[in-house]
Amino acid sequence: MAQGPEAGPDDPDILRAEIDHLRRELARKDLLLRAALHRARSTSGSITSLISLQMREMRDPAVRAALELTRSRIAAMGRAHRLVSDSGDGKSLDLGRLLRDLVGALAEALEAAERRIAIQVTTDAPDILTSAAIPLALIANELIGNALRYAFRDRRSGRVQVALRVDGGRLTLSVRDDGIGISDKTLALGSSGLFLVRSLAADLGARLDILRDEGTLITLTMAADRAV
């Protein structure tokens, strides 16, 4: 009995079936990603609200400061996840927009306007890959927050400048303030915030430079192809 030719890998029906399978898998993974982002947003919002309630009950300034710092870090992650989920594909986000959101929240929480501290954000970078944008946002949140908390302790005014740019195959994020300058003790011994920044920078394969020059300038530089 004669048999027809066996279906090969180039058979149209087999190719269509494989494409349909891949589409279903991509749709399933997209749904799982969106669900995970939604849970992350909900969780971060609940935690920040709980910390805010705890802060109202605390009288110890050191404890309140520690809680405020923790709240700021979790809120920054929540904002990043919110932008990722709003971006459509979940693969990249507008880090410039996120930086402005972070600056607005930090300025309000740390009373920058009342202390006459001006904050400027300059960015010419394209959308950043989510895998790089979230750690970059956390680094920026830490550096900007530290500038507002510590750089102007003995000053009634000041300026913080945040810049994000991509040029010549390099991505650069810098935070400059014209405050009292980072202390020798902090540089020598570090701090939890500086440890976090250095750890995140190392994960990104980035270089971190700290310069004291009429204030403090901290610059992170990394290969642009790891972020865009």
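Each reported figure results from applying straightforward, stated rules to the coordinates on display, with no laboratory input. Model, not experiment: these values are computed from the prediction. Ideal geometry is used to build each Cβ from the backbone, glycine not excepted, and the neighbour counts take in all protein chains shown.
General observations
- Per residue, the convex hull spanned by the Cα atoms of region 116-228 amounts to 95 cubic angstrom.
- Once the Cβ-Cβ distance of S157 and V228 is raised to the sixth power relative to R0 = 45 Å, the FRET efficiency obtained is 0.80.
- Volume of the convex hull of region 176-228 (Cα atoms only), normalised per residue: 84 Å³.
- Placing a label point 7 Å from the Cα of R170 along the Cα-to-Cβ direction, the residues of region 110-132 with a backbone N closer than 19 Å are 122-126.
- Highest-first packing order for the peptide set 117-125, 206-214, 169-177 is 169-177, 117-125, 206-214, based on the mean count of other beta carbon atoms within 10 Å.
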